[in-house]
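Student: Sharing a structure below in structure tokens format, with a few things to ask.
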Amino acid sequence: MNTPFEEYQKEYILESLVYNSIDTVLAQYEIKKAPQKGDLKACLECYTKDKLIQLSDENGFHARRTWKKAELVDFIGNKIMEKLELRLLILGKRKLILFQKLINGEFREETARLEEGEFYMMVYPSLVRMGLLLAMREDDGLTNAIPGDVKETLDKVIENFTQMEGKYAQELEYFYEIEGLLDAAIHLYGVVTAKTVHQLWMIENSDKEISTTQIQQFLDYSDYFLPLVVMKNGYYHIDKYLIASELFEDEEEVRTFEANLPSQKEIYTHKPTKQEIEFYKNDSFDHRTKYYKRLEQFLAKHHPKIITNSLMTFIGNNIQLGNSLSEIVDDLYYNNMLQLDTDDDYDEFARLFRDLRKHSRLWQLIGNTSEEIYKKMRILEDTIDSMPKILRDNDKNPANNHKKVGRNDPCPCGSGKKYKKCCMRKDKLNK
């Protein structure tokens, strides 16, 4: 049973995540006035022309920028409504039920706090980006506008969910195939394009005879469904072609990451096997290696199982984002997650961490391990300057060149504590 402080901490974290989710979406799609009527097109009129174009681009509707606002509203409204049943179905029944609970005011009950948090973190961003829910801030909080024709279709889909799945069986089959391929691509590379998904599909079907008609049919479904997969799973969709993991902090971080990838990345990109594609459809980090298991077993000696699992997920995510060991340790300290007692424990943690990173497929290395990218670059007689930064100066730290600080000396960070009681362990990790 949780202590009152632990309950408070859990509530605080949930509330912070909810606010962050809402703020992120409203930064892109907040309306400035409430709709005068209740149907979808009347709600869309509350967007500025620029936001309508953004909504169109994100949904893959290809509206023209030269159109007047009324033309955009009409075009986007028709596009959403013509396949609304299918657009709702792909979200899944659980998410639709949560959407219905919001509409019916069921989140006002105290017992629904966790469900409300789940809705605003997992469902709300997708609904806003798909144009099915509009929102604005007011003095008394958040105001949501749900178009009447969307609500009517939502009730119909939930009531007849199994029959609807049968009605759209072929489309849903393609959607889930494309969703799996995009998930695998994101988990392997971090930042991808539609072309990456098409290449993985060709690898998956390399042992089959595929007609030109089948290829064109896949490309057509891919063109329609990829934007929906992006919105459903919370991925970034940047400049109409880049698709990036939701783990990145913002679009600017994605662009910086993309710009720092190795030159001639098409040549160096890891080409996965069919078995690898299948694995990465469901897993974002390879937990099958002995290096992963060694670090996991080490952490399990010092933490409960649930904390160990969270630590391994956190470490895997940060390895893929290219964060340094010291940055990761700082975050773990800040969140009171890492519980290591001695200097030897910290040294062992650092060693196991580096082993794991060295033998993992990394986004910065376009799906390769460090050893694989070195071999490819040597074969192609590339220069050291074209190697990814992570290989050239991995874990270099200017602090290591500073004058040696004694254990009992004042800590250089200025905290007033002795060095051994403050930054010594972190600095040892940086060596």
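Student: Hey, any idea what % of the chain's accessible area is carbon plus sulfur with a 1.4 Å probe?
Tutor: With neighbouring chains kept in place, the figure for the chain is 50 percent.
Student: Continuing with this model, one more query. Please report the relative contact order for the chain, taking Cα pairs under 8 Å with a sequence separation of at least 6, and give it as a percent rounded to a whole number.
Tutor: 13 percent
Student: Using R₀ = 45 Å, calculate the FRET efficiency as 1/(1 + (r/R₀)^6) where r is the Cβ-Cβ separation of residue 145 and residue 378; round to 0.05.
Tutor: Efficiency computed from Cβ-Cβ geometry: 0.15.
Student: Right, next: On each of the three principal axes of the Cα atoms of the chain, give max minus min coordinate, whole Å, ordered largest first.
Tutor: In descending order, the Cα extents are 72, 59, 41 Å.
Student: I need the fraction of alpha carbon pairs in segment 332-374 separated by more than 14 Å, rounded to a whole percent.
Tutor: 60 percent
Student: Express in Å², to the nearest 10, the accessible area of residue 17 obtained by rolling a 1.4 Å probe over the protein heavy atoms while all chains stay in place.
Tutor: 90 Å²
Student: Express the accessible area of the chain per residue in Å², computed with a 1.4 Å probe while the remaining protein chains stay in the model.
Tutor: 54 Å²
Student: Arrange the residues 314, 257 by how much accessible surface each exposes, largest first, with a 1.4 angstrom probe.
Tutor: 314, 257
Student: Between residue 136 and residue 274, what is 0.36 nm times their sequence separation minus the Cα-Cα distance? Round to one decimal in nm.
Tutor: In short, 45.2 nm is gained.
Student: If you don't mind, there's one more thing I want to ask. So which of 93/232; 32/93; 167/240; 156/240; 195/375; 83/232 end up more than 23 Å apart, counting from Cα to Cα?
Tutor: From 93/232; 32/93; 167/240; 156/240; 195/375; 83/232, over 23 Å: 32/93; 167/240; 156/240; 195/375.
Student: Listed highest first by mean packing, meaning other Cβ atoms within 10 Å per residue, what order do 344-356, 156-168 come in?
Tutor: In descending order of packing, they fall as 344-356, 156-168.
Student: Please give the solvent-accessible surface of residue 360 in Å², to the nearest 10, using a probe radius of 1.4 Å with every protein chain present.
Tutor: Residue 360 has an accessible surface of roughly 10 Å² with all protein chains in place.
Student: A further question follows. What do you get when you divide the Cα radius of gyration of segment 276-370 by 2.2 N^0.38 Å, with N the number of residues?
Tutor: It is 1.05.
Student: Further, regarding this structure: State the extension gain, in nm to one decimal, for the chain segment bounded by residue 165 and residue 354, taking 0.36 nm per residue of separation less the distance between their alpha-carbons.
Tutor: Roughly 63.4 nm would be gained on extension.
Student: Using Cα springs under 10 Å in a Gaussian network model of the chain, which residue among 336, 78, 233 shows the largest mean-square fluctuation?
Tutor: Sorting by GNM fluctuation, first place goes to 336.
Student: Follow-up question, since we're still on this one. Which cross-chain or sequence-distant (5 or more) residues have an amide H under 5 Å from the amide H of residue 135, H modelled 1.01 Å from N in plane?
Tutor: 31, 145
Student: Hey, what do the phi angles of segment 264-272 turn into as Karplus ³J(HN,Hα) couplings, whole Hz, using 6.51/-1.76/1.60 and θ = phi - 60°, x for Gly and Pro?
Tutor: Coupling constants for segment 264-272: 6, 4, 4, 6, 8, 4, 5, 9, x Hz.
Student: Once the piece of chain linking residue 306 and residue 78 is laid out straight, how much longer is it, given 0.36 nm per residue of separation minus the C-alpha distance between them?
Tutor: Result: 77.4 nm gained on full extension.
Student: Testing the spin-label approximation: label points 7 Å from Cα along Cα→Cβ at residue 71 and residue 219. State their distance in nm.
Tutor: 2.8 nm
Student: Same structure again: Taking the highest mean first, how do the peptides 284-294, 174-184, 38-48, 125-135 order by number of other beta carbon atoms within 10 angstrom per residue?
Tutor: Per-residue Cβ counts within 10 Å, averaged per peptide and sorted highest first, yield 125-135, 174-184, 38-48, 284-294.
Student: Here's another thing I want to ask about it. Rounded to the nearest 0.05, what FRET efficiency do residue 104 and residue 283 have when you use their Cβ-Cβ distance and R0 = 45 Å?
Tutor: Calculated value: 0.80.
The values are calculated or read from the model by the stated rules, or taken from the named source; none is laboratory data. Not measured: the values here are computed from a predicted model. Virtual Cβ from ideal backbone geometry, glycine too; neighbours counted across all protein chains shown. These area figures cover heavy atoms from the full protein model, side chains too; ligands, DNA and RNA do not enter into them. Shrake-Rupley method; radii C 1.70, N 1.55, O 1.52, S 1.80 Å.
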